1. To the nearest 20 debye, what is the magnitude of the charge dipole of the chain about its Cα centre, counting +1 on the Cβ of each Lys and Arg and -1 on the Cβ of each Asp and Glu?
2. Run the helix sum for the chain: -39,500 (n - 2.57) per DSSP H stretch of 4+ residues, divided by residue count, reported at 222 nm to the nearest 500 deg cm²/dmol.
3. Ratio of the chain's C-alpha Rg to 2.2 N^0.38 Å, to two decimals?
4. List the aspartates and glutamates whose alpha-carbon lies under 19 Å from that of Lys143, not counting same-chain residues fewer than 8 positions away?
Amino acid sequence: MTDIELDETDWQLLSLLQRDAGLSNQALAARVGVSPATGLRRVKRLTEAGLIRAQVALLDADRIAALQGHGLTAIVEVSLDRQGDEAQAAFEARVTTDAAVQQCYRVSPGPDFVLVVAVADMPGYLALAQRLFSADANVRNVKAYFSLKRAKFEPTVPLMPR
């Protein structure tokens, strides 16, 4: 990522885009008070600087699960036997390549990692547990919490008022 200085317009663009990346360039520019060409140039600059990583569509997990007839989200605490940086990096590298792992956090104190995983059903979770935890000799303890209801999901980065 390159060093970049941001002004109020850049912060406004980032705020708008993280809430609705589907806004047209014209709508973005109008909301921040710049020309469409300036808005486009700034968004390109923010993307090239690595501040905008991707523009995605957020699907409604509950509605998708209802259509598919299944869906299981688990929050999983994982403790390792060896907590050295190399052992943690190896575990992290392995679990983050698994499509079922949606989020991975190194945490302290308590367990070494907290994962958010999404699978089709309980047999899917069992398969995930066997491939990610049982097969890893460095995994000491796993504690899973299964989501009954998601009350809030806000995938935005808090931006400080300027």
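1. 400
2. When only DSSP H runs of four or more count, the value is -11000 deg cm²/dmol.
3. Values: Rg = 20.0 Å, N = 162, 2.2 N^0.38 = 15.2 Å.
It is 1.31.
4. Candidates past the 8-residue exclusion: Glu77, Asp81, Glu92, Asp98, Asp112, Asp121.
Where a number appears in this text, it was derived from the coordinates with a stated rule and is not lab data. As the structure is a prediction and not an experimental result, all values here were calculated from the model. For neighbour counting, all protein chains shown are included, and Cβ atoms are generated from backbone atoms with ideal geometry for every residue, glycine included.
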